[in-house]
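Worksheet: the structure to be examined is printed underneath.
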Amino acid sequence: MNAGTTLKCDFMKNNTPVKSLPEKVVKRHADILAELLPELTRLVISEGRPADSLLNRHLRTHKELGSRDRRFLSQAIFSYFRWYGWTINQLKLSLAEACVIGAALDSTVLGESFNYLEKKRCKLPFSVKPLGEKSLSEKMAILNEWFKETPDFRPLELSDLVLLDFKNIIDPEKAIPCIEHFQKRPPTWIRSRNTTAPLIQTLADHHVPSSEHSHLSAAISVAGGISLANALAPLAAQFVVQDIASQCVGLVCSPKKDSDWWDCCSGAGGKALHLMDLMQQQGKILATDTRTPALKELKKRARKYGIRNIRTQPHNAVHDEPFRKLFDGVLVDAPCSGWGTWARNPDARWRSSKRDVVQYASRQLKILTNTAWCVKPGGTLVYAVCTFTRPETEEVVMNFLDQNPTFKLDPFVNPLTGEPTNGQVQIWPWEGPGDAMFIARFIRDEDS
């Protein structure tokens, strides 16, 4: 699920159960889930469709579903996919059983709708208890104990929670820490556009715990699943929901006032908005993407924040001819496998493969090469991907430098730590915590 989603994935508020639900409500939840989940699973697993988009589409077409229904469906579906590798792939549970076990693994208190599901739709030989406070290793041991007497049982392993190719395509020492963080919902990060003090105070007034990042002065974290719409409504123009790793990309770009930048894969424009804020609205940005609806959303967001100097244009950075114009800086926030977002988008791990990684790497190199023509001599080119696979990160950088001798890596300070880099940095999920992100910054020779 992307960072801008408004759905809550927790059935509790601050670990406190909501007030008792009528039986007709919990029965309706079970019926809706029984109808929705089989088709949703097919579309996600077989057709590679994102679960958050499918759920949002279902909610848009079923206006009769209220906030309680949305909370329940959101938690049930995303917990289901988060633990899919254990509950469905290995334990072969029914969909209802997988939802109940998934919710138990994520929660400190099991909601009434899940209790109803367990009693009416499951055939488990034990009473499910919430395990949200347990470590991942403890959760695995408990499930192994619960299911050890089932036919054809094989003890669960941490590697069951990701693709078979996972350990073969990243640094083996990072595999287990990554899996551990994929099974936790990361906080929601917001970026203050001015001073953080009013935002922090307003959140405190609404009893929403928050904290400022120690190195990123504009970054504020809030526990995942807490809606910010009511608490921060009066200050809506003063902040942007943006993951901390994404904020790091803009800081690495470090655009100067009055400079001219091209964000060539802008999507809905989170990074373009950040670049313009960093330039204090004194500069220009061309934001392009292949998706016209995303560019329309960017225009809408820019109007909300009073930002006028972002121009949008449909453009395919792989196949279209490069622009003849030269820019002070070009940001390539390239389409990627998205492996670094698996904590926030738990279904994404079941929609990916090693082949996808290789195909994305080829496309990323083409985009970098095509956009490099538009960087002024002495200008900046920044490459970013929300992943950590070697083919999409270090290998893309090496291949680009081999093919483009007028560019070299441009060292910068890691925004999260203040440590110097050689011009590239891998941000891991636990470092925010948040999404993983690889960032490389190049500079073009002055005389090229």
> From the residues in the range 245-267 that are buried (at least 24 other Cβ atoms within 10 Å of the Cβ) and assigned to a strand (DSSP E or B), which one is nearest to the chain's Cα centre (by Cα)?
Replying inline: D263
> From P177, P172, which residue is exposed (fewer than 15 other Cβ atoms within 10 Å of the Cβ), within 24 Å of T341 (Cβ to Cβ) and in contact with a helix residue (DSSP H, G or I) (Cβ under 7 Å, 6 or more places away or on another chain)?
Replying inline: P177
> Does the range 302-315 contain any residue that is surrounded by fewer than 24 Cβ atoms within 10 Å (Cβ to Cβ) and touching a Pro at 6+ places or on another chain (Cβ under 8 Å)?
Replying inline: no
>> When the residues of the range 99-132 are narrowed to those that are closer than 15 Å to N144 by Cα and hydrophobic (A, V, I, L, M, F, W, C), which ends up surrounded by the most Cβ atoms within 10 Å (Cβ to Cβ)?
In response: I101
>> Among the residues that make up the range 134-142, is at least one of them under 23 Å from R42 (Cβ atoms) and surrounded by 17 or more Cβ atoms within 10 Å (Cβ to Cβ)?
In response: no
>> Based on this model, can you work out whether G432 counts as modelled with pLDDT under 95, surrounded by 15 or more Cβ atoms within 10 Å (Cβ to Cβ) and of a type in the set (G, A, S)?
In response: yes
> Of all helices (runs of 4 or more DSSP H) completely enclosed by the range 63-125, which ones contain at least 1 residues that are free of Cβ contacts under 8 Å to residues at least 24 places away in the same chain and closer than 25 Å to F153 by Cα?
Replying inline: 95-106, 112-121
> Looking at the range 126-161, which of the residues that are assigned to a loop (DSSP other than H, G, I, E, B) and among the aromatic types (F, W, Y) is farthest from W350 (Cα to Cα)?
Replying inline: F126
>> Name the single residue that is surrounded by the most Cβ atoms within 10 Å (Cβ to Cβ) among those in the range 362-415 being within 27 Å of the chain's Cα centre (by Cα) and among the aromatic types (F, W, Y).
In response: Y383
> Among all residue pairs at least 6 apart or on different chains, which show Cβ distances below 6 Å where the first residue, located in the range 339-361, is over 17 Å from I176 (Cβ atoms) and in contact (Cβ under 8 Å) with a residue 24 or more places away in the chain and the second is of a type in the set (D, E) and not in a helix (DSSP H, G or I)?
Replying inline: T341/D435; K354/D165
>> Which condition from (1) under 27 Å from L33 (Cβ atoms); (2) in a loop (DSSP other than H, G, I, E, B) is the one that N194 breaks?
In response: (1)
> If we keep just the residues of the range 55-76 that are of a type in the set (A, V, I, L, M, F, W, C) and farther than 16 Å from A103 by Cβ, which is surrounded by the most Cβ atoms within 10 Å (Cβ to Cβ)?
Replying inline: L65
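For G418, state whether it is touching an Asp or Glu at 6+ places or on another chain (Cβ under 6 Å), touching a residue at least 24 places away in the same chain (Cβ under 8 Å) and within 30 Å of A223 (Cβ to Cβ).
no
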>> For the range 117-126, give me each residue that is touching a helix residue (DSSP H, G or I) at 6+ places or on another chain (Cβ under 8 Å) and either under 8 Å from E97 (Cβ atoms) or not aliphatic (A, V, I, L, M) (or both).
In response: E118, K120, R121, C122, K123, L124, F126
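Going by the conditions given, is G225 within 28 Å of E431 (Cα to Cα), assigned by TED's automatic domain parsing to the domain that holds A372, within 21 Å of the chain's Cα centre (by Cα) and assigned to a loop (DSSP other than H, G, I, E, B)? Step through it out loud before you land on a result.
Details: within 28 Å of E431 (Cα to Cα): yes; assigned by TED's automatic domain parsing to the domain that holds A372: no; within 21 Å of the chain's Cα centre (by Cα): yes; assigned to a loop (DSSP other than H, G, I, E, B): yes.
No.
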> Does R28 satisfy the criteria of being within 15 Å of R121 (Cβ to Cβ), assigned to a helix (DSSP H, G or I) and either in contact with a strand residue (DSSP E or B) (Cβ under 8 Å, 6 or more places away or on another chain) or without any contact (Cβ under 8 Å) to a residue 60 or more places away in the chain (or both)?
Replying inline: yes
> Taking K167 and the conditions (1) of a type outside the set (D, E); (2) in a helix (DSSP H, G or I); (3) crowded, with 17+ Cβ neighbours inside 10 Å, which numbered condition does it fall short on, given that it satisfies the others?
Replying inline: (3)
> Out of all the residues in the range 178-195, which are under 23 Å from the mean Cα position of the chain (by Cα), at pLDDT below 95 and farther than 15 Å from R344 by Cβ?
Replying inline: none
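The values are calculated or read from the model by the stated rules, or taken from the named source; none is laboratory data. Because the structure is a prediction, the values reported are computed rather than measured. Backbone-built Cβ (ideal geometry, glycine too); neighbour counts: all protein chains shown.
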